[in-house]
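Laboratory data are not the source of any read-out in this text; all were calculated from the coordinates shown. On a predicted model such as this, the values are computed, not experimentally measured, just so you know. Here the Cβ is made from the backbone with ideal geometry for all residues, glycine too, and neighbour counts use every protein chain on show.
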Amino acid sequence: MAAYAGTGEDGNAAIPQLRADRDAASSRLNKAVEEMMRLVDGNRLVRVSAAGFFSGGVETEEQLEAAINGLKEECERHIGAGKKVLIQ
């Protein structure tokens, strides 16, 4: 088992490297999607992070409504300026 926790001398990735790759996969996918959309839409594309609207968590329907409305208003502002919104 110790052989799999090392640096992979036989060319295979070691467990720490596999874990690091797994942890980075979501962010790599988001970046690839954004780059692809920028190729298609150019400067029209803006990215809006939904997480920022929910950063404190949601415990009530009122908090949920406020966060969703904030996200909606941000998107509407960009759309009104002729942009295409990528929500991540």
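At-a-glance table
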{"item": "Whichever lysines have a C-alpha closer than 20 Å to that of Lys31, once near sequence neighbours (fewer than 8 apart) are set aside", "result": "Lys83, Lys84"}
{"item": "Exposed-loop-free span, longest in the chain, where GluC sites (Glu not before Pro) count as exposed if DSSP calls them loop and at most 16 other C-beta atoms lie within 10 Å", "result": "10-58"}
{"item": "The stretch 5-88, relative contact order in percent, only Cα pairs under 8 angstrom and at least six apart counted", "result": "31"}
{"item": "Acute angle (nearest 10 degrees) that the helix 61-80 long axis makes with the longest principal axis of the chain, alpha-carbon atoms", "result": "80"}
{"item": "Inter-site label distance for Val33 and Arg47 at 7 Å from Cα along Cβ, in nm", "result": "1.1"}
{"item": "Long-range HN-HN contacts of Arg47 with modeled amide H, under 5 Å", "result": "Leu86"}
{"item": "Percentage of interatomic Cα-Cα distances in the chain larger than 20 Å", "result": "58"}
